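Okay, so here's the structure we're looking at.
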Amino acid sequence: MIRTCLSSENLMAVAVAICALAVWGGLLRATAAEPIGWQAEGRNGAVSAGGAEAVAAGIEILQAGGNAADAAAATILALAVTDASAFCFGGEVPVLVYDARRQTVDVIAGMGVAPRLATREYFAARGGIPGTGVEAAAVPAAPDTVMVLLERYGTMRLREAAGPMLRLLDRGQESWHAQLAATVRQMCEAEAQAADRWQGLRLAADCFYRGPIARRLAAWCEANGGLIRYVDLAAHVTRIEQPLHVSYRGYEVYKCGFWTQGPYLLQTLRLLEDFDLRKLGHNQPAAIHLTIEAMKLALADRDVYYADPVFADVPGEALLSEKYAALRRPLIDLTRASLEQRPGDAWGMQPLLGEEDLRRGLGGPAQDTTTCVVADRFGNVVVATPSGWSGVQAGDTGVWLGTRLQSFNIWEGHPNCIEPGKRPRITLTPTLVLDRGRPVLAVSVAGGDGQDQAALQAVLNHIDFELKPAESLSGVRFGTNHHIGSFRQTPPELGSLLLHQEAPAETVEALRALGHRVQTTAGALWAPSAIAIDPAGGRFWAAGDPRAGRHAAAY
């Protein structure tokens, strides 16, 4: 009877509805067959992220028929529970999306702006921008980022993508778990007022930014010393932007814009392309030295030039050009480590900036943030870097606010000086690599200023050394604090070289002989997640660094 009465289109709608009910009711569980580990292979889809249950949420959605955007939305929402100390619902989440249907890469600019009361004068009078507390909160970006991800690239509603998150919250023990569950359900109830999926997602977003939740958040902030007001929330928009990219050995590497630190990875690749890293050898002293020295040059430019391009005039074309890289490349001494910060003159196209006052450094490691990488059988890929930490809970909403304003400075005239309505230059920096127009590697990293240092090594390991993610991410990693810190602008540790303690003793000694100030560490040295993809063979290799509590699953 159903076959004779329903069109094929309606049959499809029924099938989707049945799948949706299964997800909403928690009937499909990725963890039913086996526990979530740190690496996985599959042919239908893959997820790599922080908490195991967040990975399971993404796999659940993929198995229910959702695409990478649906699964990434579910994973991000679940991470606000499983990785709550590193990512909060009131935080931020830059996203790169490869849309297989359109064969394009887009940026969802999931970073909120400084509130209207967050002026340079306000924070200068207080001695700087605090690293904790309510004053350092930017306008929350994560909720609307998830809505945009679903409405523009997904197939599901919020209530479906939020199902795994709500199950986690419902069994949680903290008071904010029940409160955040009530807030998310209020958004789902607003969504249900519309029959159309797109309109429903907009209603859910409006509930948070322009409706009752916004008014409660704003009232709490005003009563408790925060700077966010209702007008800041109501004015929030999530920008869709073109990514930045460079070619590296025939591959196209994509990053978010200069409001993130991501472009310095692209600058580093430009500098490295004229060298034969494969010949130098994976993790051999000469290869580590060369990579670190190239990163130092790119990081110096980051600290001088990078900022929100809506407010600042960033010489982006010059910074990413082959000509500029050719000018800067001779500054790399293959026999000696640099102990100086050496930004270039991107406006004047000179290898070194002459203004000593702009070359000042005020760096240090930071651990924050979590990771999310998803690929589906349709060819779509989503890579996101969710963050938000050290903030406060906004009353009984259950929404925690982040402290991202601390990534601004208060140096008058600097491109990244705080201004109302401006995005801070953040460390959050997803990475996507294409080969002949199709994704082959997606990387997300947690860990402040080390994010692109770990991401760069994942890219080099894939392209130059042909390593799969499990071998790449679990191996020895290295980095530097030879830069201005992105959190409260802490001073650089000139010449520093951070190295996993598993590195051979002879490697450590060779690097010290080159002048590097080597510090070995037993810690994770940042927390990468990655998925490698074979488009022709239809295979996925997912992994996260097990030392950092990253997880991965595929099917």
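Coordinate-derived values only; no laboratory data. Quick caveat: nothing in here was measured; it's all calculated off a predicted structure. Here the Cβ is made from the backbone with ideal geometry for all residues, glycine too, and neighbour counts use every protein chain on show.
Only four residue types carry charge here, +1 at the Cβ of Lys and Arg and -1 at the Cβ of Asp and Glu. Report the dipole size of the chain about the Cα centre in Debye, rounded to the nearest 20.
560 debye
Rounded to a whole number of µm²/s, how large is the Stokes-Einstein D of the chain at 37 °C and 0.692 mPa s, given Rh as the Kirkwood radius over C-alpha pairs?
140 µm²/s
List the aspartates and glutamates whose alpha-carbon lies under 13 Å from that of residue 468, not counting same-chain residues fewer than 8 positions away?
41, 534, 545
Just to be sure I understand the model, the point goes 7 Å from the Cα along the line to the Cβ. What's the resulting residue 215 to residue 239 distance in nm?
Distance between the two pseudo-spin positions: 3.1 nm.
Go ahead and estimate [θ] at 222 nm for the chain from helices alone: -39,500 (n - 2.57) per DSSP H run with n ≥ 4, summed, over the residue count, rounded to 500. Show your work: numbers first, answer last.
Details: 20 runs with 198 residues, N = 555.
My calculation for the chain gives -10500 deg cm²/dmol from helical runs alone.
Report the Cα centroid-to-centroid distance between region 143-211 and region 490-505 in angstrom, as an integer.
Centre-to-centre (Cα) distance: 43 Å.
Given region 480-539, what whole percent of its Cα pairs are spread farther than 15 Å?
65 percent
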